[in-house]
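Student: Quick one: structure below, then a few questions.
The values are calculated or read from the model by the stated rules, or taken from the named source; none is laboratory data. The structure presented is a predicted model; accordingly, all values stated were derived computationally and were not measured. Here Cβ is always computed from backbone atoms with ideal geometry, including for glycine, and neighbour counts include all displayed protein chains. These area figures cover heavy atoms from the full protein model, side chains too; ligands, DNA and RNA do not enter into them. Shrake-Rupley method; radii C 1.70, N 1.55, O 1.52, S 1.80 Å.
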Amino acid sequence: MRAAAHGIRTGARRIDERTPADRDRAVDALRALAILGVVLGHWLVTALVADGGALRTASPLRYLPWLAPISWLFQTLAVFFLVGGHVATKSYASARARGTTYRQWLRGRLARLGRPVAAVLALWTVAAACLLASGTGFETVHVLVKLALSPLWFLLVFAGLTAATPLLTRINPLWPLVVVLHVDLIRFGFGGPSWLGWVNVAAGWLVPYTLGAAWTRGELDSRRAGWVLFGCGAAATAGLVAWAGYPASMVGVPGAAVSNLNPPTLAVVTFGLAQCGLALLLRGPLRRWTRRPVAWAAVALANLSAMTIFLWHQTSLMAVTALGLLMGRLPGLHTVPDSLGWVAARLTWLPVFALALAVCRSAFRTWESGPRRRMGRPSRVVRVHRRPDPAGAKAVPRA
């Protein structure tokens, strides 16, 4: 154990020493926390119930609505879009300074998404065909494929916003917020068509993305900005839930009349403002925490595997669920999530899900990351988000 601990500390120190001194580690820490929140949130509130010979989705939030605050902790997509907007606008400004064209810059950004998505689509195309050929019911296959590919909607929106980055660098976040407000007013206040809500898929996530651009411009550097976003966002969300009839859950609940997330509502957008404000307030503590080599190594490794973790975490859950069926209906895995006993049992399954995800990472990481860089060639990633160099800062080798 001592030898293993020494090896971990030695590896962590090497990662720490090879990280540029001017890299803003808080950005990576926020991205890692956002990914962790999404994964844990899905693992805790997604249940695949064995119903006869089929599987159907269910959620403990439907049977135990007082657990809605769980969704407040793990619905962290706004933080991901905040960091994404900050990194993309900073990257685009750096590319322009180097003389890189927009097409070259965009190709480089989107190439990081293409290979991981192709791997997921290929595997699930084969898996769906095999399941149908083996006699598995179409409804079960539909549930599994829909769950496995659900993360792709996020990547599609993220890719669209990334492509529009040059147009979004100066947009005030209030403009998309006003669009969300009017869409919800028409839908819920005047009985407008439900399809209008899909406008909020772009407008809703544009709010934190343009906040990221404002961060790049230096408009959110003060702690006051973080407190204003956090306080106003939290107060607006509380008011919308208490008096305007919005659901308390910030994730979708099967069977619910209204979902805050699918499509996004004003409540989830104001909640995202509060999350972004909190993220900005945490920048200082996160920078201090990631000065510790072991902490920084964990954050760096999570970022290197961010796409793999995001795309394969639902597949990991389903793989464990399917293999568990060989032993019968297991509590917390195949049973109806209608009691605290189910919640306690699900918590014990989290390490198993994590182990399955580690297997997926090992299996697909090499393919998704593409060919290795030549030794001595600097990484593109380390140039994306830098803080201004402090006077007399000591240079360190690139990661």
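Student: Check segment 187-194 and report whether any residue there is without any contact (Cβ under 8 Å) to a residue 24 or more places away in the chain and open to solvent by less than 30 Å² (accessible area, probe 1.4 Å).
Tutor: Within segment 187-194, one or more residues are without any contact (Cβ under 8 Å) to a residue 24 or more places away in the chain and open to solvent by less than 30 Å² (accessible area, probe 1.4 Å).
Student: Could you identify the single residue in 197, 204 that is within 30 Å of residue 56 (Cα to Cα), at pLDDT 95 or above and surrounded by 14 or more Cβ atoms within 10 Å (Cβ to Cβ)?
Tutor: Only one candidate qualifies: 204.
Student: Of the residues in segment 156-176, how many are in contact (Cβ under 8 Å) with a residue 60 or more places away in the chain and buried (at least 19 other Cβ atoms within 10 Å of the Cβ)?
Tutor: Of the residues in that region, 5 qualify.
Student: Give me a count of the residues in segment 8-27 that are open to solvent by 40 Å² or more (accessible area, probe 1.4 Å), out of contact with any Phe, Trp or Tyr (no Cβ under 7 Å at 6 or more places or on another chain) and in a helix (DSSP H, G or I).
Tutor: Going through segment 8-27 one residue at a time, the tally reaches 5.
Student: Filter segment 110-126 for residues that are under 12 Å from residue 163 (Cβ atoms) and either open to solvent by less than 40 Å² (accessible area, probe 1.4 Å) or not in a helix (DSSP H, G or I) (or both) and give the result.
Tutor: 113
Student: Here's a follow-up. Mind counting the residues in segment 210-229 that are open to solvent by 80 Å² or more (accessible area, probe 1.4 Å) and either more than 24 Å from the chain's Cα centre (by Cα) or of a type in the set (D, E, K, R) (or both)?
Tutor: Of the residues in segment 210-229, 4 are open to solvent by 80 Å² or more (accessible area, probe 1.4 Å) and either more than 24 Å from the chain's Cα centre (by Cα) or of a type in the set (D, E, K, R) (or both).
Student: What number of residues within segment 344-370 satisfy the criterion of being open to solvent by less than 40 Å² (accessible area, probe 1.4 Å) and over 27 Å from residue 120 (Cβ atoms)?
Tutor: 1
Student: For residues that are open to solvent by less than 50 Å² (accessible area, probe 1.4 Å) and β-branched (Val, Ile, Thr), scanning just segment 28-76, find the one that is farthest from the chain's Cα centre (by Cα).
Tutor: 49
Student: Starting from segment 93-118, take each residue that is more than 23 Å from residue 309 (Cα to Cα) and list its partners that are open to solvent by 40 Å² or more (accessible area, probe 1.4 Å) and of a type outside the set (S, T, N, Q), counting only C-beta distances under 7 angstrom and pairs at least six apart or across chains.
Tutor: Within 7 Å, the pairs are 94/383; 102/166.
Per-residue answers, yes or no, for (1) charged (D, E, K, R); (2) surrounded by fewer than 23 Cβ atoms within 10 Å (Cβ to Cβ); (3) under 17 Å from residue 212 (Cβ atoms); (4) modelled with pLDDT under 95:
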position	(1), (2), (3), (4)
272	no, no, yes, no
282	no, yes, yes, no
286	no, yes, yes, no
304	no, yes, no, yes
312	no, no, no, yes
315	no, yes, no, yes
320	no, yes, no, yes
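Student: Return the pairs, sorted by first residue and then second, in which the second residue is open to solvent by less than 100 Å² (accessible area, probe 1.4 Å) and part of a loop (DSSP other than H, G, I, E, B), the first residue lies in segment 5-21 and is under 12 Å from residue 300 (Cβ atoms) and without any contact (Cβ under 8 Å) to a residue 60 or more places away in the chain, the beta carbons are less than 9 Å apart, and the residues are 6+ apart or on different chains.
Tutor: Correct list of pairs: empty, since none qualify.
Student: Suppose we keep only residues that are of a type in the set (Val, Ile, Thr) and assigned to a strand (DSSP E or B) within segment 33-90. Which one would you say is farthest from residue 312 (Cα to Cα)? I'd like the intermediate steps shown before the answer.
Tutor: Step one: of segment 33-90, the residues of a type in the set (Val, Ile, Thr) are 35, 38-39, 45-46, 49, 57, 70, 76, 79, 83, 87, 89.
This time we only want the ones that are assigned to a strand (DSSP E or B), so: 49, 57.
Numbers: 49: 20, 57: 18 Å.
That would be 49.
Student: May I ask you to list pairs of residues, at least six apart or on different chains, whose Cβ atoms are under 6 Å apart, with the first in segment 278-291 being more than 12 Å from residue 24 (Cα to Cα) and the second being open to solvent by 60 Å² or more (accessible area, probe 1.4 Å) and not hydroxyl-bearing (Ser, Thr, Tyr)?
Tutor: Every condition considered, the pairs that remain are 278/230.
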